[in-house]
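Down below is the structure, laid out as structure tokens.
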Amino acid sequence: MPGLHVSTTVNGDVTEFVCQPDETLLDVLRNRLGLTGAKEGCGTGDCGACSVTIDGQLVCSCLVLGAEAEGCKVGTIEGLADGDTLHPLQEQFIEHAALQCGICTPGFLVAAKALLDDNSNPSDEEIRFALAGNLCRCTGYDKIVRAVNAAAKDVRKQQARLQKQARLKKAAKKRR
């Protein structure tokens with residue numbers, strides 16, 4: 001069976017691959033692109049271990065065909081850190097011991113980032129709702145919620161710093 005040529009952007013990098021029409025995005029990410037962070041937990045979209053974003057929307061990559069990524073921006077756990085600098089979510093998951101075996105952790109982190117991208121000041125209820133599609137069999141959800149809350153504070157501080165820098169740049173341009 002001939003493959004389908006797909007052009008997409010994964011974690012900010014333009015990427016091309018050839019996949020079979022029935023091949024899932026999860027399989028493409030893991031087997032064709034070497035991005036093994038997303039895990040297959042259930043294969044039915046019930047556990048969230050394979051969570052990624054497509055054009056900013058959280059999806060279970062086991063339920064999306066690889067060909068559906070054509071022209072889209074895909075975000076995976078591998079794109080969360082900036083080089084050696086961990087994302088605040090990653091730092092806080094470590095700080096709050098919000099992980100154990102690691103199977104579900106990438107999905108929780110991607111889901112939490114999708115939440116914080118939309119709402120940098122979520123309530124506990126909003127965090128729990130946003131993470132409801134992710135299952136953890138090893139640890140309690142309280143540590144995860146606390147880690148997301150702490151990361152949200154860090155993200156808000158980062159946003160405030162960036163806004164201040166932008167204002168200072170704008171003021172400096174006006175003075176010229």
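3J(HN,Hα) along region 156-170, derived from phi through the Karplus expression 6.51 cos²θ - 1.76 cosθ + 1.60 where θ = phi - 60°, amounts to 4, 5, 4, 4, 5, 4, 5, 5, 5, 4, 5, 5, 5, 4, 5 Hz, with x in place of Gly and Pro. Output needed: percent of Cα pairs per 5 Å distance bin for region 129-176, bins running from 0 to the one holding the longest distance. Reading the bins upward from 0: 5, 17, 15, 14, 11, 9, 9, 7, 6, 5, 2, 1. Segment GLN158..THR44, full-extension length gain: 37.4 nm, with 0.36 nm per residue of separation and the alpha-carbon distance subtracted. If you plug the beta carbon distance of ARG167 and LEU63 into 1/(1 + (r/R0)^6) with R0 = 45 Å, you get a FRET efficiency near 0.60.
This ranking places GLU16, GLU91 by how few other beta-carbon atoms lie within 10 Å of each, fewest first, which gives GLU16, GLU91. Convex hull volume per residue, computed on the Cα atoms of region 80-176, equals 99 Å³. When peptides 110-123, 154-167 are sorted by average Cβ neighbour count within 10 Å, with the highest value leading, the order is 110-123, 154-167.
Ordering ILE94, ILE54 by the number of other Cβ atoms within 10 Å of each residue's own Cβ, fewest first, gives ILE94, ILE54.
Quick check on the chain: what are the equivalent-ellipsoid semi-axes from the Cα gyration tensor, as sqrt(5λ), descending, whole Å?
For the chain, the semi-axes come out at 30, 23, 12 Å.
With R₀ fixed at 30 Å, the C-beta to C-beta distance from ALA132 to THR36 puts the FRET efficiency at about 0.75.
Each helix, a run of at least 4 DSSP H residues, gives -39500 (n - 2.57); summed and divided by the residues of the chain, these come to -12000 deg cm²/dmol at 222 nm.
Each of ARG146, ARG176 was scored by other Cβ atoms within 10 Å of its Cβ. Arranged with the fewest first, they read ARG176, ARG146.
Once you sort the root eigenvalues of the Cα gyration tensor of region 1-79 as a ≥ b ≥ c, which label holds: rounded (a/c under 1.5), prolate (a/b larger than b/c) or oblate (the other case)? Oblate is the answer for region 1-79, as a/c is 1.5 or above yet b/c matches or exceeds a/b.
Each value in this text was obtained by applying a stated rule to the coordinates, not by laboratory testing. Just so we're clear, the structure is a prediction, and the values are computed from it rather than from any experiment. Please note: Cβ atoms are built from the backbone with ideal geometry, for glycine as well, and neighbour counts cover all protein chains shown.
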